[in-house]
Structures are given as structure tokens and as C-alpha cells.
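Input: a single structure, listed below in C-alpha cells.
The values are calculated or read from the model by the stated rules, or taken from the named source; none is laboratory data. All values derive from a computational prediction rather than experimental measurement. Every residue, glycine as well, gets a Cβ built from its backbone with ideal geometry; the counts of neighbours run over all protein chains shown.
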Amino acid sequence: MSNDTEHKLKVRHLNIDDYASLRDISGRVYKEVAAPWEKEPISRLIQTFPEGQVCIEDNGKPVAIALSLIVNFNLFGDNHSYEQITGGGKYTTHDSEGDYLYGIEIFVDPDYQGMRLGRRLYDARKELAENLNLKGILIGGRIPGYHKYSSEMLPQKYILKVKDRELFDPVLTFQISNDFHVRNLLDNYWPEDHHSRGHAVLLEWINIYYQKKTKLIGRTKSIARIGVVQWQMRRFNSFDDFMQQVEFFVDTVSDYKSDIILFPELFNAPLIHTYEGNNPAEAMRQLAGYTEDLRQAMVEMALGYNINIITGSVPELRDDGKLYNVSYLCRRDGTWDYQSKLHITPDEEKHWGFTGGHDLKVFDTDVGKIGILICYDVEFPELARLQVLKGLKMLFVPFWTDTQNGYLRVRRCAQARAIENECFVAISGSVGNIPKVETMGIQYSQSAIFTPSDFSFPHDAIASEATPGIETTLITDLDLDLVKEIRSQGSVRNASSRRTDLYELKWLAE
């Protein structure tokens, strides 16, 4: 056999360039059951959980494909449908902190039947489950041979006969031979699967190497204690005086074993008075000279006080000569990251010369995935939704508003983001005034933490809120498991009910 006709098989992760092959194979495998896979859900799966999408290529061309998610199986139990387990095809059910790998699809090019490629795909899934320390693999297995016997026996009897090798089913027999055991019958799992009469079999492969996740140190917490500072604007004599006040709040909030502390937008603005005589734009650029020292000091505080610090926001002058409004996340492990303000208000551009950033981030922390939107940014609902699609459970909004109507814009938009995305949203603002400083006369704030609106949360969807107009702190415990539950079992499910068949949301800057 010549080299150009020899097989050269390789197991690898799927990528979107493989779509044409995937569509062709799925169309041939399911020609009597369903339409071929569309590109958009494949793209979403790859983006959501790239490690779980696997293919076998032959000389560079995919010939067998397996798709999967990680799920928190307690949210679904032994009776569920394909629609439920996949979040209606939106895959919002994927939970990187879940306990089972759930196989949602596997198919092999008919021309490659008999080469045991399905077994290789299952072996790849098993390896993945072991490497991720998951309890095992679950699948809703089809029983396409059942239609031949449906008039003479119930599906339970058919399954038992296949299990006892009295009957052969092209799917169930294969899965049982790959060390899967029958766990339950799934009625109405996939109604369009007429050969299976809509039924499926819940099958489980147990990972014998699974180690129960009971470690007491270094785990991701399910309860996050959040501290929010409502900051008093006042004149400071020096940068050291300002940082002393910052450290007071970090020290105080950390004494209550808080996980995250949030400061307001441009909370270092009182230092701008040291540049009296300069126009506001030039003074703000000079204020940016403190930023590197401020960030370094707060990284050291995060380490020293064992707390994650969101630095509100500060001006940052970059190498491109432009001024940005930036919030830093200083983690208690010594690392840091930042989120730039993307939308600049007309006054911020006119008086201070700020430029909007270009990156929207979701940050990993020891209390889960969080995001930051600075003030005006929370008034654009697309941003929070994009962050939620990347796993966000808590959103932090440092803001600065001078009047009550400006504050209410931020507050009501933050509340909307919490409800429509089923996440927690914390807002932190400033109060008081800075006399004789142009463009910084007054501030209005009532800092708060908002929740989704459902039975498991406060009736008004407010976890806590400060008294308006005074310097104070909020310290609140947030149950992150409730976010998982509402997204899968809530009265309504805003995070997963979007009609992506009618409209879609894309980030174009990448």
C-alpha cells in the first residue's frame, strides 16, 4: 500500500476549522434522525469547554468526533432530557467545578466503521475524566434497535435483554462493552429519535481514581464574603496619608475574614489637589504618576492581609500616550490583573481626556470567576452578558456619581444586570466633597450588593445596602451555589433562555 493511502490516525482536540468534516459525518450518521450539526453550537461548545471536544483525524481530516460537557449532576438527577442537560443547545449547563463529564455526542464516519474509533474516543474521554478528577462519565445513550421490539416489550425489558446479551443494540451494546453500566431509563430524552422511541439509557462509567474533593486548603469557596467600601472623598496631604486610609479599610474588612474588598471609581482623586493650577486633564495625567506605586502597595496588602482587593479605579498613562481609567484586581496569592473602563462619558473625555479600553475580562479567583465593569460600563448590558458566558458569578462595579439621578442610573442598571444574568453585583461609590478642586465638587452614593430575583434570594433582590452619604462598609456573605441552582432550576432562566436562533452576541475586538 502506498504512503498516500495509508491511515495515519491521531487523537486531538476539535477546532472550528474541522466543522465541514463534522457536518458531513453527522449528516451521514443521523440522516434518518436529525439534521447535521450547525456551526454556531459547535463554535460555542469549543469556546465553552475546548478540552472536552475531541476528534480522531486520519491524515489531517477528522473521521470520528466526541463532544462533552462538565456538569454538576445534582442539579439534574437521574431523570432529565437532552434539552435540559445541554441548556437548550446553549451549553450554559457546563460547570468547570462540576463532578461528571457528560457525553452529549459521539459519531464515527461510516467509512471507518469496524476500526474501533469509538472505543478510542471513549478512552480519550476516560483519560480526560481522570485528569480532571471527575467522578466519572455519564451519557444518555440511544437505543436505536428498540423500534423493532417496541410493540412487544417495554424499554426497560429491552434494556435488560441487551444488558444480558440476549439482544444486540448497535449503541447500547457498544457502550456496555466499554465499561459503562446502566443507571436509569430516561423517558422522552430525545423525542426526535424515533428509532429509540424517544427513550435513552442513562449510563455511567466510574472513575476509580477519583479523589473526593474534601481538601480544606486551596479549594474554591462556595460562600464568598464580600466587603464593599463607601469611601469619603477628602483632601489628603500626601500619597502616604491616602494609602494609610486605604490600608485602614483593608485591615478592617480582612479582620472579618472577607474574601474580596471593593473600592470606588477614581477613589484616589483627592490627591489631584496637589496639582492645583493645572487644567483638569493635565492634573489627571499627573495623578497617574501615583498608579504604579498604588498598585504595588495594594498587591502587598492583598498578600499581607490575605484578601483579594479590587482597587476601585485609578488613572493609568500607557506607552501609547493615552490616559485610561483602570481597575486592578490584586489577588491574595500575589498576582494581579486589570480591567479598563471601555465606555467613557462625555465629561470624562472632555475634562480629563480619558480613552476607552479594548479588553473585556473574566478573572479566576479563589472564590470563582468574577468580572469588573467600571461605572458607565454597567449601563451597557452586552458586557455583563459576555462575561457571564465566560463563567462569571460575581460582578463588581466601582462607580463615581455626583448627583442622585446619576447614581440611580448606575444602581438600576446594576440591579438589571444581576437579574438578567442571574449573578451577584456589588457596587461601590464615594460620598462627600473635595473643595476647590475643579470638576470634583460633590459625590452621591449608596453602595450595595444585588442578587438575582427568585425564591432563594431576598424578596427585593438586595443582599445589603449602605446608608447614603456616609463613609462605611458593607460585609456580606454570598452563596455561589445558589447561582448554579437558579441558572438550571430557577422560576425563569434568563442566563440560558436567550433565543440564539434569532439573535447573537459577539465580541469583535479579539
Residue list for segment 312-371, restricted to those being out of contact with any strand residue (DSSP E or B) (no Cβ under 9 Å at 6 or more places or on another chain) and surrounded by 16 or more Cβ atoms within 10 Å (Cβ to Cβ):
Leu342, His343, His351
Considering segment 372-391 alone, what residues qualify as being hydrophobic (A, V, I, L, M, F, W, C) and either touching a Leu at 6+ places or on another chain (Cβ under 7 Å) or buried (at least 22 other Cβ atoms within 10 Å of the Cβ) (or both)?
Ile372, Leu373, Ile374, Cys375, Val378, Leu383, Ala384, Leu386, Val388
Which of the residues that make up segment 257-308 are part of a helix (DSSP H, G or I) and of a type in the set (Lys, Arg)?
Arg285, Arg295
If we keep just the residues of segment 407-452 that are crowded, with 21+ Cβ neighbours inside 10 Å and among the polar types (S, T, N, Q), which is modelled with the lowest pLDDT?
Gln443
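Answer yes if at least one residue in segment 117-132 is farther than 15 Å from Phe76 by Cβ and touching a Lys or Arg at 6+ places or on another chain (Cβ under 9 Å), and no otherwise.
Residues of segment 117-132 that are farther than 15 Å from Phe76 by Cβ, as a first pass: 117-132.
Cutting the leftovers down to touching a Lys or Arg at 6+ places or on another chain (Cβ under 9 Å) gives us 129.
There is at least one residue in segment 117-132 that is farther than 15 Å from Phe76 by Cβ and touching a Lys or Arg at 6+ places or on another chain (Cβ under 9 Å).
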Right, Leu69: among the hydrophobic types (A, V, I, L, M, F, W, C), modelled with pLDDT of 95 or more and touching a strand residue (DSSP E or B) at 6+ places or on another chain (Cβ under 6 Å) or not?
yes
Please verify whether Ile70 is in contact with a helix residue (DSSP H, G or I) (Cβ under 9 Å, 6 or more places away or on another chain), within 12 Å of Asn15 (Cα to Cα) and in contact (Cβ under 8 Å) with a residue 24 or more places away in the chain, treating the condition exactly as stated.
no
When the residues of segment 63-89 are narrowed to those that are in contact with a Lys or Arg (Cβ under 9 Å, 6 or more places away or on another chain) and crowded, with 22+ Cβ neighbours inside 10 Å, which ends up nearest to Arg498 (Cα to Cα)?
Ser68
Test: residue in segment 148-167 that is within 19 Å of Ser26 (Cα to Cα) and crowded, with 19+ Cβ neighbours inside 10 Å:
no
For segment 354-387, how many residues meet the condition of being modelled with pLDDT of 95 or more and either in contact with a His (Cβ under 7 Å, 6 or more places away or on another chain) or of a type in the set (Gly, Ala, Ser) (or both)?
7
Going through segment 35-66 one residue at a time, which ones are assigned to a strand (DSSP E or B) and either modelled with pLDDT of 95 or more or not basic (Lys, Arg) (or both)?
Val54, Cys55, Ile56, Glu57, Asp58, Pro62, Val63, Ala64, Ile65, Ala66
Given the criteria modelled with pLDDT of 90 or more, aliphatic (A, V, I, L, M) and in contact with an Asp or Glu (Cβ under 7 Å, 6 or more places away or on another chain), does Met284 qualify?
no
